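Working notes, structure below.
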Ligand SMILES: CC(C)(COP(=O)(O)OP(=O)(O)OC[C@H]1O[C@@H](n2cnc3c(N)ncnc32)[C@H](O)[C@@H]1OP(=O)(O)O)[C@@H](O)C(=O)NCCC(=O)NCCS
Ligand SMILES: [Zn+2]
């Protein structure tokens, strides 16, 4: 583990989050090592935040074109890797989370909110919107420093795509998105900044430490 990773690990207060972080950091190192045919412990991975210099920014490998993103929530830890452009991945567990529905007002655009309100079961609808938006915000490297309502995404019954950008967020490259529909009890999305179409390939997945993890690689 690098010094930055050790600092990040210590910043997580709950044991479950420390375990998720460790699985995610390991998954990134093993995924990159597989793709680069390198040794996982030797890969220089930086987490320096562009805004303040603390080690809590979007992680990146400083010596190759491979970009990646990690998400850990519920029972899963996932990482996505891409050579095509910046990537963001986000997953959320379904299940009883009524507190989230109240939260929708702050994160959705008026059209998205109406669609969640009309849904027979609002929670999967809300979480689908949420993971689509967060995948894009993680792809852009801003995360929740940007307002999730600053982009409007397609409704859950349609393939994921960005429908509208607020002027403060509009990126220079198109964003291609894919639904992650293979994680039982979870919804998820991956977003890649590229003008080409992409294919996702699972490079490995396993169940260890009571947590399932998967690594995806995007080619096109
Ligand atoms: C990125 C973010 C949206 C993830 O939130 P989350 O849903 O709780 O967690 P997820 O499991 O989906 O993703 C966490 C991972 O995102 C990655 N990440 C952190 N910051 C990121 C960013 N700015 N962009 C993209 N990915 C980021 C990290 O790999 C992190 O996991 P790790 O540190 O354990 O490796 C949220 O942490 C965030 O918005 N961070 C940035 C906030 C910010 O900019 N603050 C200003 C600091 S000065
Ligand atoms: Zn910061």
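Working note: 222 nm ellipticity from helices only, DSSP H runs with n ≥ 4, each -39,500 (n - 2.57), summed and divided by the residues of the chain, gives -9500 deg cm²/dmol to the nearest 500. Along the Cα-to-Cβ line of residue 197, 7 Å from the Cα, sits a label point; which residues in the range 43-86 have backbone N less than 19 Å from it? From the range 43-86, the list is 83-85. Between 132, 170, 29, the Gaussian network model of the chain with springs among Cα atoms under 10 angstrom shows the greatest mean-square fluctuation at 170.
The angle separating the long axis of helix 122-139 from the principal Cα axis of greatest extent in the chain is about 50 degrees. Computed from the C-beta positions of residue 106 and residue 48, the FRET efficiency with R₀ = 30 Å rounds to 0.55. Model label points for residue 97 and residue 9, set 7 angstrom from Cα along the Cα-to-Cβ axis, are 2.7 nm apart.
Given R0 = 25 Å, the distance between the Cβ atoms of residue 38 and residue 144 translates into a calculated FRET efficiency of 0.20.
Values quoted throughout were computed directly from the atomic coordinates according to the rules given, and no laboratory measurement underlies them. This is a predicted model, so every value here is computed, not measured. Note that each Cβ is placed from the backbone with ideal geometry, even for glycine, and that neighbours are counted across all protein chains shown.
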